[in-house]
Amino acid sequence: MKKPPPKKQPPKKKKSFPWKFIVPVAVFVLVVLVVVYFFFLQAPKTSFEGLKKKQNLNYILISVDTLRADRVGCYGFPGIETPTMDMFASRGVLFEHCIAQTPLTLPSHTSLLTGTQPLFHGVRDNGGFLVPQELTTLAEVFKEKDYQTSAFVAAYVLDSKWGLDQGFDYYFDQFDLSKYKSISLGNVQRRGDEVIDETLSWLEQHKNERFFTWIHLYDPHTPYDPPSPFRERYPNRPYIGEIAYTDSQLGRLWSYLEQNDLVENTVLIFVADHGESLGEHDESTHGYFVYQEGVHVPLIVVTPFPELHNLRRKTVVSLVDIMPTILEMDETPIPSQVQGQSLLPIMYDEQGFENNIAYAETFYPRFHYGWSELKTIQERQYKLIIAPDLELYDLDQDPEERQNLIDSQPAEARRLFNLAEQFMADASRGGFELDYRSLDEQARVKLAALGYIGSFADQSTLEGRALANPREKIGIFNQLSRSKELMLEEKYDEAVALIQGIIDEDPEVIDAYFTLGNLYFKQRDFQNSLDSFFQALERRPNDAFIVINLINSYLGLGDLEEAERFALGIIDTVPPDSQLFLSIGNIMMLQDKYEEAVVYYEKGRELNPNSASAYSALGGVYVKLGRLDEAEDYLLIADETNPQLRELHFNLALLSEERQDLTKAAEEYRLELENNPYNFRASFNLSRIYRFLKDDREEEKYLNKAMEINPNFPLSYFYLARIYLSRGTMYQEAIVLTEKGIELNPPQKDLPLGYFLLADIYNRLGQPAKSQENLEKGKALVEENSKKDE
């Protein structure tokens, strides 16, 4: 039987790849890789939050004034030891190319603490501007988050009256220039040890709380005068010595942080507000040009995290970037006004930021001399300076900015110019316009004495004019700066000669005439000060501050009638100015025209409702009018506004005298002398109080002080002679004093006292003829005065 054929096997199926299993596995692996990549490789590069791990951090911002980057050890300068700054670099991120927005202290710090460009915040110079209250400062943001906030500033130009105190619980300034007979730069700054002492005292009280602290050190600023041992360590290099001294004070701060376990929970930002030219480009200090030596500053961000230690970044960054950087570290929303960019991404990886730009400017030549302002835009390689004659530099090949490429690379110049125009238009949008006339009147007087204001060129007259290039005027600028230094050093003859040379070279420099007027005024040469101020007024006819100085010169001459005639004749030709009205009120007061004084003081108060000076003046005139309750109201407002105001406590003392409260009057006079030790009237009046209280020792003390302050006031001599007479001793000294008082030509009403004193003294000495002679002179004067009164 035939075997049946074998059954045909179905063809074997080809095994397919098990995608339904592999795909989920692959996706899972990919997800794992992505997670690993981002969390273990990329997270430390993009997330400061990841490093913090919910830790609360403190923030310390240190700004060193006038510190150029290339004079610090960690920035490559071999001629100095800066161990603390170098340590900051080893524990942080060092930015090699940080640019200040302006080489001037107040506007630069305004950019630092608000994150906005000068184009926006409007603070373009020292002393002549106020920080807008509408801006949100870094301190205000931290205060809103319940941080303890403090600031410790070392220079009067950052005094709280300029507005940077916004948001600070404690603002250590307390610069009272009225305590100094001669104002100089040495009077308006404090050494770093004093600033750090105050800082450590505050930290000791708040080290267990969250805090934000700003520390400002001023030592590298002129005048360069490092203390020992830095003076000896850096002979003939005082600027370097000041930087080394500053470093030592920063070391004290760091030691405190270490000893109190604050290093591990504190971020420290170390920066400078601007640099110092040191003679480069013929500029001795700063503020006039925008070359690198004036705007290139150190910036180091020190954190507790090793991942961000010992790093250097070449990206171009700006001071306006610091506020958003700190706020991003703190995971705090950045105010919409802020124009800078957080540097955190660059701290991790600077790739992609190669085209960063920085803007800087100075309006100092324009404001003070009527010459052109200077603006600059720079990238990592190229920098354009916008001036009447454009300047283009390749910073890689020419870091000292000696070779202007404007002719050889016009396309590059056009590109940067267009970039600058767009940048300035964007940054200016919605910006602030400010006016120094809103300052308190006494603050303006102090700033004028320091050379900050009073000589601002009238900006309205400059519009549409071709302004001089500051580079062509640097010689005049240096001479005028030197003349101001000589004035502060009381080397008046040298200063006058220097300014006369400036005027010979350029007769239209208004600041020269104004400075010359100040020089003559300080020497009490009031006629020449009048002549100089009139020269300034001729070139700027509507400048209120020049008018005020002319009034003061007339008062110095004792010509009250001419002062009044001049002031009333010009008042309608100048813009309304509170200080000018107060000056006219003072003229009226000195002539006993009290009701008219009230009118002008009130006008001053209307123009500046926050003026403590106006309230004090009104209080003083109401005392004279016998309206004591009104006087007290005004004086208390002034006291609340500014308790250290000159003349305030003098007026309060007069009020107390009118109320027969001699003890209170003495207390107020002493307060006046604490605030203004050179107020001879307060000293003389206090001697009178002690005479009424029959305390001749204290009376003698304050009479001597009055004579020391003002040796030309006759009554001090008369009353000191009277003390000797009443004691029955020192008759010869009493004669000398009385004769000196008569020689000083006192007012007719006071002159009889001198002759009666001499009559009494000669009578006691047994010289009846001389006694009778002086007695008759005194009687004749009394009779003459009586007839005049009739």
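Each value in this text was obtained by applying a stated rule to the coordinates, not by laboratory testing. Note that the structure is a prediction, hence the values are computed from the model and not measured. Cβ sites come from the backbone with ideal geometry, for glycine too, and all protein chains shown count toward neighbours.
For the pair Asp407 and Gln772 in one chain, pulling the backbone fully straight at 0.36 nm per residue adds 122.2 nm over the alpha carbon distance. Suppose the Debye formula is applied to equal point scatterers at every Cα of region 463-572; what is log10 I(q)/I(0) at q = 0.10 Å⁻¹? After summing over all Cα pairs, the log10 values are -0.31.
Here the gap between Glu204 and Asn265, fully extended at 0.36 nm per residue and compared with their Cα-Cα distance, gives a gain of 20.4 nm.
Note on Leu390/Asp225: beta-carbon distance plugged into 1/(1 + (r/R0)^6) with R0 of 30 Å gives a FRET efficiency of 0.15. Set against the labelled values (i) 34.8; (ii) 38.8; (iii) 52.8, mean projected area of the Cα convex hull in nm² computed from this structure falls on (iii).
How big is the charge dipole of region 242-397 about its Cα centre, in debye rounded to the nearest 20, if each Lys and Arg gets +1 on its Cβ and each Asp and Glu gets -1 on its Cβ?
For this selection, approximately 160 debye.
Hey, what's the Cα Rg ratio for region 688-740 versus the globular rule of thumb, 2.2 N^0.38 Å? Relative to the 2.2 N^0.38 Å estimate, region 688-740 comes out at 1.04. Measuring spread by the Cα atoms of region 86-136 yields a radius of gyration and Dmax of 13.6, 40 Å. Here, region 668-790 is characterised by an Rg to Rh ratio of 1.01, where Rg is the alpha-carbon radius of gyration and Rh the Kirkwood radius.
Simple point charges give the picture: +1 on the Cβ of Lys and Arg, -1 on the Cβ of Asp and Glu, and for the chain a dipole about the Cα centre of about 4780 debye. For region 324-395, relative contact order (Cα pairs under 8 Å, six or more residues apart, normalised by length) works out to 18 percent. Give me the angle, in degrees from 0 to 90, between the Cα long axis of helix 526-539 and the longest principal axis of the Cα atoms of the chain, rounded to the nearest 10. Roughly 40 degrees, rounded to the nearest 10.
Average 1/r across all pairs of distinct alpha carbons in region 321-437, invert it, and you get the Kirkwood radius: 16.6 Å.
Ranking Phe477, Met85, Leu703 by how far each Cα lies toward the positive end of the dipole of the chain (charges on Cβ) leaves Met85 at the top. Across region 255-269, rounded Karplus estimates of 3J(HN,Hα) from the backbone phi angles (6.51 cos²θ - 1.76 cosθ + 1.60, θ = phi - 60°) give 4, 5, 4, 5, 5, 10, 6, 9, 4, 7, 9, 10, 9, 10, 10 Hz, Gly and Pro being marked x.
Calculated mean residue ellipticity at 222 nm for the chain: -15500 deg cm²/dmol, from DSSP H runs with n ≥ 4 weighted as -39500 (n - 2.57), summed, divided by the residue count and rounded to 500. By the Stokes-Einstein formula, at 1.306 mPa s and 10 °C, region 541-679 with its Kirkwood radius over alpha-carbon pairs has D equal to 103 µm²/s.
All other residues with a Cβ under 12 Å from the Cβ of Asn356 taken together, and with Lys, Arg as +1 and Asp, Glu as -1, what is their net charge?
On the way: positive: Arg313, Lys314, Arg380; negative: Asp321, Glu350, Glu354, Glu379.
Here the count lands on -1.
Using the Cβ-Cβ distance between Ser90 and Lys53 with R0 = 41 Å, the FRET efficiency computed as 1/(1 + (r/R0)^6) comes to roughly 0.95.
Normalised Debye scattering of region 224-265 at q = 0.15 Å⁻¹ gives log10 I(q)/I(0) of -0.44, counting only Cα atoms as equal scatterers and leaving out solvent. What does the charge count near Phe713 come to, summing +1 for each Lys or Arg and -1 for each Asp or Glu among other residues with Cβ under 12 Å from its Cβ? Neighbourhood net charge equals +1. The calculated FRET efficiency for Glu606 paired with Val736, based on their beta-carbon distance and R0 = 30 Å, is about 0.05.
Within region 400-428, which residues have the backbone N less than 11 Å from the label spot 7 Å out from Asp70 along Cα→beta-carbon, could you tell me? Under cut-off, by backbone N: 400-402. Overall dimensions of region 193-262, expressed as equivalent-ellipsoid semi-axes from the Cα gyration tensor (√(5λ), whole Å, largest first), are 28, 12, 8.
In the chain, Cα pairs under 8 Å separated by at least six residues give a relative contact order of 11 percent. The distance between label points at Leu467 and Phe77 comes to 3.0 nm (points 7 Å beyond Cα on the Cα→Cβ vector). Along the axis of the charge dipole computed for the chain (Cβ charges of +1 for Lys and Arg, -1 for Asp and Glu, origin at the Cα centre), the listed residues Thr376, Thr515, Phe172 are led at the positive end by Thr376.
Residues of region 196-236 falling in the label zone of Arg252, defined by backbone nitrogen less than 11 Å from a point 7 Å along Cα to beta-carbon, are 196-201. Using the Karplus relation 6.51 cos²θ - 1.76 cosθ + 1.60 with θ = phi - 60°, the per-residue 3J(HN,Hα) values for region 661-675 come to 9, 5, 5, 5, 4, 4, 4, 5, 5, 5, 5, 4, 6, 5, 6 Hz, with x marking Gly and Pro. Percent of alpha carbon pairs in region 272-345 separated by more than 17 Å? Distances greater than 17 Å cover 57 percent of the Cα pairs. Which whole-number percent is the relative contact order of region 216-280 (Cα, under 8 Å, 6+ apart)? Result for region 216-280 is 24 percent. The stretch between Glu561 and Ile637, if pulled fully straight at 0.36 nm per residue, gains 24.2 nm over its current Cα-Cα span. A simple spin-label model places pseudo-atoms 7 Å from Cα toward Cβ; at Lys787 and Val599 they are separated by 3.5 nm.
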